[in-house]
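Novice: Got a structure for you, written out below as structure tokens; questions coming shortly.
What follows is calculated from the coordinates using simple rules that are stated; it is not laboratory data. Keep in mind that this is a model prediction, so the values were computed, not measured. When we count neighbours, we look across all protein chains shown, and the Cβ atoms used for this are built from the backbone with ideal geometry, even at glycine.
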Amino acid sequence: MKSPIMGLRVAGAVFGLMCLAQLARLVIQPEIFVAGHAVPLWPSVAAAVLLGLLSAWLWSLASALRRG
């Protein structure tokens, strides 16, 4: 296995785990306060979508490099 492919897969896995953490926050709905103000859940939705897309993109790049 080539080093760039492994790097893409590791980065894709990290983004995937971060996406799962954001989805867990949406399911559990903990109260998070920053400087006394509650943090809404909508940023977690945006983060989960973005991180999921990044993870899928990196995995597809790794697959394309492996084939080509």
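Novice: What is the calculated FRET efficiency for Trp57 to Ser3, with r their C-beta to C-beta distance and R₀ = 25 Å, to the nearest 0.05?
Specialist: 0.85
Novice: Give the angle, between 0 and 90 degrees and rounded to the nearest 10, that separates the Cα long axis of helix 3-28 from the longest principal axis of the Cα atoms of the chain.
Specialist: Its long axis makes an angle of about 20 degrees.
Novice: Please determine, in degrees from 0 to 90 and to the nearest 10, the orientation of helix 42-67 with respect to the longest principal axis defined by the Cα atoms of the chain, where the helix direction is its Cα long axis.
Specialist: The helix 42-67 is inclined about 10 degrees to the chain.
Novice: Right, something else. For the pair Ala13 and Ala38, what calculated FRET efficiency results from E = 1/(1 + (r/R0)^6), where r is the Cβ-Cβ distance and R0 = 22 Å, to the nearest 0.05? Write out the running numbers ahead of the final one.
Specialist: Details: r = 31 Å, r/R0 = 1.42.
The computed FRET efficiency comes out at 0.10.
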